[in-house]
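Undergrad: Just dropping this structure here.
The values are calculated or read from the model by the stated rules, or taken from the named source; none is laboratory data. Quantities reported herein were computed from a predicted structural model and do not represent experimental measurements. Here Cβ is always computed from backbone atoms with ideal geometry, including for glycine, and neighbour counts include all displayed protein chains. What goes into the accessible areas is simple: the full protein's heavy atoms, side chains included, and nothing from ligands, DNA or RNA. Shrake-Rupley method; radii C 1.70, N 1.55, O 1.52, S 1.80 Å.
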Amino acid sequence: MKKHKGIFITFEGGEGTGKTTVAKLVEEELISKGMKVFLTREPGGTGLEFSEKIREIIMDNDNIDPITELLLFNASRREHLVKKIIPHLNKNEIVISDRFSDSTFIYQGVVKGVELSCFTKADEITVGKENQPSITFIFDLDPKIGLERISSKNRSTNRFDDEGIEFHQKVKKAYLDLYESNKEKYFLLDASKSVDEIKEIIVNKIIKHVS
Ligand code: TMP
């Protein structure tokens with residue numbers, strides 16, 4: 001049972017799939033249609049210094065035990081949820097988070113091998129059933145193209161981007177399996193399409209959801 005009135009939407013997918021670029025375009029389009037939108041990201045959170053500091057700790061240390069890593073992502077998420085996401089949802093806004101719990105399930109769980117029960121317990125404490133996203137868009141792309149996009153943009157990489165191709169292939173497969181496990185909750189996007197095409201698909205889906 002949801003406690004708030006807004007709509008909580010999350011974007012998920014591997015590196016270089018265009019989530020962040022599309023999220024900004026979707027935000028602009030929804031605002032131009034008169035909707036109130038709060039765009040944020042994980043790890044970290046828009047305007048949330050504490051969680052951004054945890055992001056730095058995670059990104060700057062490449063020898064963290066996977067369970068410690070999972071707990072740090074959850075600590076950052078709890079602050080993000082309580083201080084930003086829920087208050088914006090309570091104002092009846094559309095909240096779009098560029099990554100959320102599914103990233104922990106995929107990266108720390110499926111790919112790095114932390115037991116599912118560990119993820120589930122932590123997620124119950126951190127997020128709970130009542131604060132789960134209403135729609136999750138999964139951006140699917142061949143990791144070779146994703147990594148090429150990152151290097152061609154000349155943007156600085158983090159330690160997750162710098163993992164080998166096998167890591168990114170595992171991430172892609174894990175997201176596809178997640179989609180297959182619940183096609184009602186997840187919406188799969190072909191991220192080889194143009195950002196404008198993807199934006200249109202997402203905006204239409206959100207408008208259908210709110211009307
Ligand atoms: P990004 O800001 O470029 O998406 O990078 C964040 C990285 O952190 C990304 O490669 C995935 C990773 N990540 C996890 O491993 N677990 C998580 O719970 C989250 C939110 C991100």
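Undergrad: By its C-alpha gyration tensor, with a ≥ b ≥ c as the square roots of the eigenvalues, how is region 38-89 shaped: rounded for a/c under 1.5, else prolate for a/b larger than b/c, else oblate? Provide the component values of the computation, followed by the final result.
TA: Values: a/c = 3.04, a/b = 1.99, b/c = 1.53.
Taking the square roots of the gyration eigenvalues as a ≥ b ≥ c, region 38-89 is prolate.
Undergrad: Calculate the dipole size of region 99-211 relative to its Cα centre from +1 charges on Lys and Arg beta carbons and -1 charges on Asp and Glu beta carbons; express the result in debye to the nearest 20.
TA: 180 debye
Undergrad: How large is ³J(HN,Hα), in whole Hz, for each residue of region 6-18 in order, when computed from phi with the Karplus curve 6.51 cos²θ - 1.76 cosθ + 1.60 and θ = phi - 60°, using x for Gly and Pro?
TA: 3J(HN,Hα) across region 6-18, in whole Hz: x, 10, 9, 10, 10, 10, 9, x, x, 6, x, 7, x.
Undergrad: Which one of Leu89, Val22, Ser101 has its Cα pushed farthest toward the positive end of the charge dipole of the chain, where Lys and Arg give +1 and Asp and Glu give -1 at the Cβ?
TA: Leu89
Undergrad: Can you put Ser156, Ser97 in order of accessible area, largest first, using a 1.4 Å probe?
TA: Largest to smallest exposure gives the sequence Ser156, Ser97.
Undergrad: Continuing with this model, one more query. Decide, for region 114-210, between rounded, prolate and oblate: order the square roots of the alpha carbon gyration tensor eigenvalues as a ≥ b ≥ c, take rounded if a/c falls under 1.5, and otherwise choose prolate if a/b is larger than b/c, else oblate.
TA: Here region 114-210 falls in the oblate category.
Undergrad: I want to verify the translational diffusion coefficient of the chain in µm²/s; compute it with Stokes-Einstein, Rh as the Kirkwood radius over Cα pairs, at 4 °C and 1.567 mPa s.
TA: 74 µm²/s
Undergrad: Have a look at Tyr175, Thr136, Gly164 and report the one farthest towards the positive end of the charge dipole of the chain, computed about the Cα centre with Cβ charges (Lys/Arg +1, Asp/Glu -1).
TA: Sorting the options by dipole projection puts first Thr136.
Undergrad: Compute the distance from the alpha-carbon center of region 1-54 to that of region 139-206, in whole Å.
TA: Region 1-54 and region 139-206 have Cα centres separated by 16 Å.
Undergrad: Evaluate the charge dipole of the chain about its Cα centre and quote only its size in Debye, nearest 20, assuming +1 on the Cβ of each Lys and Arg and -1 on the Cβ of each Asp and Glu.
TA: On the way: 33 positive and 35 negative charges, 175 e Å.
So the magnitude is around 840 debye.
Undergrad: How much accessible surface does Ser181 have with a 1.4 Å probe, in Å² rounded to 10?
TA: Ser181 exposes around 90 Å² with every protein chain in place.
Undergrad: Hey, another quick one. With every protein chain kept in the model, how would you rank Lys170, Lys84, Lys205 by accessible area, 1.4 Å probe, largest at the top?
TA: In descending accessible area the options line up as Lys170, Lys205, Lys84.
Undergrad: Select from Arg78, Arg159, Arg41 the residue whose mean-square fluctuation is largest in a Gaussian network model of the chain (Cα-Cα springs shorter than 10 Å).
TA: Its mean-square fluctuation being the largest, the pick is Arg159.
Undergrad: Before anything else, pin down the relative contact order of the chain: Cα pairs under 8 Å, at least 6 apart, normalised by residue count, whole percent.
TA: That works out to 34 percent.
Undergrad: Where does the chain land at 222 nm, in deg cm²/dmol rounded to the nearest 500, when only DSSP H runs of n ≥ 4 count, each adding -39500 (n - 2.57), divided by all residues?
TA: Rounded to the nearest 500, it is -15500 deg cm²/dmol.
Undergrad: Right, here's the next one. Mind putting a number on the dipole of region 91-146 about its Cα centre? Charges go on the C-beta only, +1 for Lys and Arg and -1 for Asp and Glu, and I need it in Debye to the nearest 20.
TA: Numbers: 6 positive and 9 negative charges, 21 e Å.
That gives a dipole near 100 debye.
Undergrad: Sort Asp190, Asp62, Asp161 by accessible area with a 1.4 Å probe, largest first.
TA: Largest to smallest exposure gives the sequence Asp62, Asp190, Asp161.
Undergrad: Once you sort the root eigenvalues of the Cα gyration tensor of region 40-151 as a ≥ b ≥ c, which label holds: rounded (a/c under 1.5), prolate (a/b larger than b/c) or oblate (the other case)?
TA: rounded
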